[in-house]
1. Within region 120-138, count every residue that is of a type outside the set (Ser, Thr, Tyr), within 21 Å of Asn267 (Cα to Cα) and part of a loop (DSSP other than H, G, I, E, B).
2. Can you find even one residue in region 83-92 that is at pLDDT 95 or above, of a type in the set (D, E, K, R) and part of a loop (DSSP other than H, G, I, E, B)?
3. Which of the residues that make up region 233-267 are in a loop (DSSP other than H, G, I, E, B) and within 18 Å of Thr222 (Cα to Cα)?
4. List pairs: first residue in region 307-320 and under 13 Å from His377 (Cα atoms) and touching a residue at least 24 places away in the same chain (Cβ under 8 Å), second residue hydroxyl-bearing (Ser, Thr, Tyr) and open to solvent by less than 40 Å² (accessible area, probe 1.4 Å) anywhere in the structure, Cβ distance under 6 angstrom, at least six positions apart or on different chains.
5. Looking at region 287-313, which of its residues are hydrophobic (A, V, I, L, M, F, W, C) and either modelled with pLDDT under 95 or over 31 Å from the mean Cα position of the chain (by Cα) (or both)?
6. Kindly indicate the residue of region 147-172 that is among the hydrophobic types (A, V, I, L, M, F, W, C) and in contact with a Ser or Thr (Cβ under 7 Å, 6 or more places away or on another chain) and also farthest from Leu114 (Cα to Cα) among those meeting that condition.
7. Which residues, taken from region 138-159, are hydrophobic (A, V, I, L, M, F, W, C) and open to solvent by 10 Å² or more (accessible area, probe 1.4 Å)?
8. For Gly109, state whether it is touching an Asp or Glu at 6+ places or on another chain (Cβ under 7 Å), in a loop (DSSP other than H, G, I, E, B) and among the small types (Gly, Ala, Ser).
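The values are calculated or read from the model by the stated rules, or taken from the named source; none is laboratory data. None of these values were measured; they are calculated from a predicted model. Please note: Cβ atoms are built from the backbone with ideal geometry, for glycine as well, and neighbour counts cover all protein chains shown. The protein model used for the area step is the full one, side chains on, heavy atoms only, and it has no ligands, DNA or RNA in it. Shrake-Rupley method; radii C 1.70, N 1.55, O 1.52, S 1.80 Å.
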Amino acid sequence: MTTKIGAHRSKTRWAGVAALAAALGLLIWCLRAPTAPEPLQAAPRASAPEAPPSAKRAASVTAASATAASTKASAEDPAPLIDEVEVEKPEVCAGEENLIAVRSHTTNGTDEYLHTVIGRHTGSRVPLRIWPDLDGSYAMPTISVFGRNNVMSQIEVPRYKVNDCKPERIVAITHKLLPNTADEVELTARIVDVGVKDDPHARPFKPASYAWVFDDGDSEETRAPFVTHSYERRRQTALVSEFLLRVEVRGEAGEKLTGRALLQIPNMVFQNLAERGIVTLVATPTRRFPEQDGDGVVRQAFRLWHHRDAPVRIDTVTAVRHYAKASDSSPPEEVSLGLVEIPPGQGVDVEVRLDAVDEPDVFTITYFLEGETAEGHAARGTFSLMKPPPVPTKGSSTPVTEPVLLAKIKRARELLAQEFVTDEDIWRLEREGKMADLDGSPPRTPAP
């Protein structure tokens, strides 16, 4: 079902989209973060509509019937125009995915600033789920399309029918940014029993493999219900990048389940260049966390790179030391990383170090890079080396007495061949199913 839409504009102003204010793992020196928005107002409740026409038939919606309005846009930035809203299915069961795709454009050539919110979900392609109330009523979410300076147009999602039925199971994909990374995301697939709860004869579903599609040309198959993927090298030519994630879960008996989710990532590299004329120098830790050797020296390697097609000259590198027992920091000190320029492509690797014996009060050293591109743009970047926490000892730690956690720690140490393990190590092994026999009850699966 595709709905074509005329020029719709809203009468209310938003400050922006909260999801786009999420900070990246790297800080950009002397750059201002975008403004956080006000929350989206929910659409009014409506009773269950009649069945819509076939998905092959386009429903024409006028400006009056769509209840769309327009912001008080400046002459430079008029509100975007919503051209088309495509609904994947004319009717679904309660909780079943229905992909909503929105196409829009601007009239002043600023399409790279477009970003969309559908109901509570950010993105222009959202696998929407609707759960009717007990009386069968449900509301169609509002679509909000933002342009530059957050001028906005709004329209309701075209109505489709949500039947009084449930899918047996659904697959919910969740995603989170891994600590100490810029754009490396961990995806997790959770199988949620929905209609199966009401069917005593339903067959159990035992996952055997997970086939992931990342929407950037890459895919991967895992036996565990999670995977990590880096979007660091994506093209940053717009305010946000969108990726429609997909996973196909294959059961031991050959059955299949699929789930989708929209991942939206803000592009600070684009924003810095477009709005401030600054080329971002990216620093990726090639070990996610620093390591301290037996002599007290902390080391960490970083890959320095950028999105330009030509080398970027490095003029100065300064370092600032931050102290554990003081609120101030040291004056900037010019240092050398042995850099003259950062080539395009993979960039260049550097290693930094902190002697924790000679400088026991220093807990972080932050490096600031300044340079210039061949076109004359200023280039800036920053990264930090942080002293890791001290190795735990009996005297500095609270003993673990809970029997199940003790057993998990012991198994994690054996499986990973490590003297010390972290919460993250245990969580990963739990998701891989290697701790299942140690739990007294199966883990609870949260609703999507």
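1. As a first pass, look at region 120-138 and keep what is of a type outside the set (Ser, Thr, Tyr): 120-121, 123, 125-136.
Restricting the remaining residues to those that are within 21 Å of Asn267 (Cα to Cα) gives 120-121, 123, 125-126.
When the remaining residues are screened for being part of a loop (DSSP other than H, G, I, E, B), the result is 120, 123.
Within region 120-138, residues that are of a type outside the set (Ser, Thr, Tyr), within 21 Å of Asn267 (Cα to Cα) and part of a loop (DSSP other than H, G, I, E, B) number 2.
2. Start the filter on region 83-92 by keeping residues that are at pLDDT 95 or above, which leaves 83-92.
Going one step further and asking which of them are of a type in the set (D, E, K, R), we end up with 83-84, 86, 88-89, 91.
Narrowing the set further to residues that are part of a loop (DSSP other than H, G, I, E, B) leaves 88-89.
Yes: region 83-92 contains one or more residues that are at pLDDT 95 or above, of a type in the set (D, E, K, R) and part of a loop (DSSP other than H, G, I, E, B).
3. Looking only at region 233-267, we keep the residues that are in a loop (DSSP other than H, G, I, E, B), and these are 233-239, 252-255, 267.
Residues satisfying the conditions are Glu252, Ala253, Gly254, Glu255.
4. Hits for this filter: Arg308/Thr373; Val312/Thr373.
5. Just the residues of region 287-313 that are hydrophobic (A, V, I, L, M, F, W, C), to begin with: 289, 297-298, 301-302, 304-305, 310, 312.
Across region 287-313, the qualifying residues are Phe289, Val297.
6. Looking only at region 147-172, we keep the residues that are among the hydrophobic types (A, V, I, L, M, F, W, C), and these are 151-152, 155, 157, 162, 165, 170-172.
Keeping just the survivors that are in contact with a Ser or Thr (Cβ under 7 Å, 6 or more places away or on another chain) gives 151-152, 171.
On the way: Val151: 10, Met152: 10, Val171: 29 Å.
Checked region 147-172; the qualifying residue farthest from Leu114 (Cα to Cα) is Val171.
7. Residues of region 138-159 hydrophobic (A, V, I, L, M, F, W, C): 139-140, 143, 145-146, 151-152, 155, 157.
Within region 138-159, Ala139 is the sole residue that qualifies.
8. Values: touching an Asp or Glu at 6+ places or on another chain (Cβ under 7 Å): no; in a loop (DSSP other than H, G, I, E, B): yes; among the small types (Gly, Ala, Ser): yes.
Spelling it out, it is not the case that Gly109 is touching an Asp or Glu at 6+ places or on another chain (Cβ under 7 Å), in a loop (DSSP other than H, G, I, E, B) and among the small types (Gly, Ala, Ser).
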